[in-house]
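To start, the structure itself, in structure tokens.
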């Protein structure tokens with residue numbers, strides 16, 4: 001289908017486009033990459049922007065139109081109160097930079113989203129751009145007339161001092177030094193390129209993990225395991241010990257008992273490390289040892305199916321308890337009984353609300369930074385995980401934290417509505433920092 005630019009902006013934009021099919025093919029490569037495949041919003045915005053540009057509608061790519069068409073906002077929505085388009089575009093730019101920074105993509109067509117615009121640009125990789133012929137071979141030779149003494153003579157009105165004053169030499173020297181300094185500064189700016197975007201709250205939240213030299217351990221709960229609650233206070237006690245060595249067929253049948261919500265949370269949160277090529281490992285709670293958890297940062301996913309979550313949170317203000325047939329999150333600093341609870345015998349189909357804990361702390365027992373995403377039920381865990389990778393929800397949490405939250409421990413209780421077995425947006429109920 002031929003391109004039909006509708007404005008001069010479109011003409012300039014499409015000047016670099018030689019093959020729309022190649023652009024769409026490159027777009028598909030981007031969308032299936034983990035940088036984009038683990039999200040719904042980033043592929044949606046990038047796909048829409050590229051397709052509208054190829055259709056000649058680049059001039060219509062504005063923040064409000066994208067919010068309406070891509071994110072389902074009403075036409076009268078307040079873009080300042082709901083900056084979903086700006087935040088998503090910033091993340092798309094970051095992920096595009098990370099993708100093309102990888103040398104394995106050096107030969108691919110480049111799709112970019114320039115700063116301050118929602119109109120993508122397309123260009124061939126530098127490695128295949130034809131180099132211009134030698135400038136000395138193509139430069140036009142211009143002949144100048146011979147210089148005569150008369151031409152060198154000053155005009156009658158010109159004033160030619162015979163002995164310049166010391167002040168004039170000083171000014172000339174200062175101008176020369178300033179010019180050299182400006183040239184060096186400009187050269188440095190050109191070589192360095194534009195200043196990088198400031199780190200997002202997602203980057204700052206995960207910084208103790210992404211800056212660590214040791215791999216992060218993702219510890220997942222196992223719903224099929226019976227946790228010995230008496231072992232919570234003993235960090236060295238195993239969760240379970242088989243009476244006899246497991247045979248292969250037993251191992252195959254018992255392995256893989258993980259909650260789907262825990263796995264979803266794992267894949268989404270691990271992207272924070274994967275995009276930065278940081279090493280991590282995944283272990284079930286029953287096989288995680290205290291020695292392993294002391295080796296590097298820890299991400300605990302799941303609550304009542306994860307003994308390590310129960311052990312770490314028992315020292316915090318908000319923690320999990322099970323009593324009188326009820327699973328609940330308690331506030332150990334308040335004498336008022338919380339309502340963050342769910343009856344164990346409640347039919348799963350009738351679950352309409354779930355509660356969870358989100359935390360980022362430095363655990364004194366293991367000596368490592370710990371992130372927790374744990375709900376009473378699976379839906380709470382999934383909602384807690386959304387805060388860890390979705391900038392909109394993380395911002396709602398950090399808005400209730402002090403300005404220097406990066407240097408503090410943080411724990412929050414969230415609530416989510418459950419509709420047909422799926423969690424809704426997380427709502428922050430309480431935050432504790434210290």
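The values are calculated or read from the model by the stated rules, or taken from the named source; none is laboratory data. Owing to the predicted nature of the structure, the values given are computational and were not obtained by experimental measurement. We place every Cβ from the backbone using ideal geometry, glycine too, and count neighbours over all the protein chains shown.
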**Q.** Matching residues, segment 309-318, being out of contact with any strand residue (DSSP E or B) (no Cβ under 6 Å at 6 or more places or on another chain) and outside any helix (DSSP H, G or I)
**A.** 314, 315
Q: Could you pull out the residue among 412, 373, 430 that is in contact with a helix residue (DSSP H, G or I) (Cβ under 9 Å, 6 or more places away or on another chain), part of a strand (DSSP E or B) and farther than 21 Å from residue 38 by Cβ?
A: 412
Q: Please indicate, with yes or no, whether at least one residue in segment 251-261 is more than 25 Å from residue 407 (Cβ to Cβ) and modelled with pLDDT of 90 or more.
A: no
Q | One residue from 356, 384 being touching a residue at least 60 places away in the same chain (Cβ under 8 Å), in a strand (DSSP E or B) and in the same structural domain as residue 311 (by TED's automatic domain parsing) | A | 356
Q) Is at least one residue of segment 86-98 in a loop (DSSP other than H, G, I, E, B) and touching a helix residue (DSSP H, G or I) at 6+ places or on another chain (Cβ under 8 Å)? A) no
(Q) Return the residues of segment 281-308 that are in a strand (DSSP E or B) and either surrounded by fewer than 19 Cβ atoms within 10 Å (Cβ to Cβ) or touching a helix residue (DSSP H, G or I) at 6+ places or on another chain (Cβ under 7 Å) (or both); say none if nothing qualifies. (A) 281, 282, 283, 299, 300, 301
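Listed here are the residues, each with its yes/no results for (1) more than 22 Å from residue 110 (Cβ to Cβ); (2) under 23 Å from the mean Cα position of the chain (by Cα).
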residue: 40; (1), (2): yes, yes
residue: 45; (1), (2): no, yes
residue: 53; (1), (2): no, no
residue: 56; (1), (2): no, no
residue: 61; (1), (2): no, no
residue: 73; (1), (2): yes, yes
residue: 78; (1), (2): yes, no
residue: 81; (1), (2): yes, yes
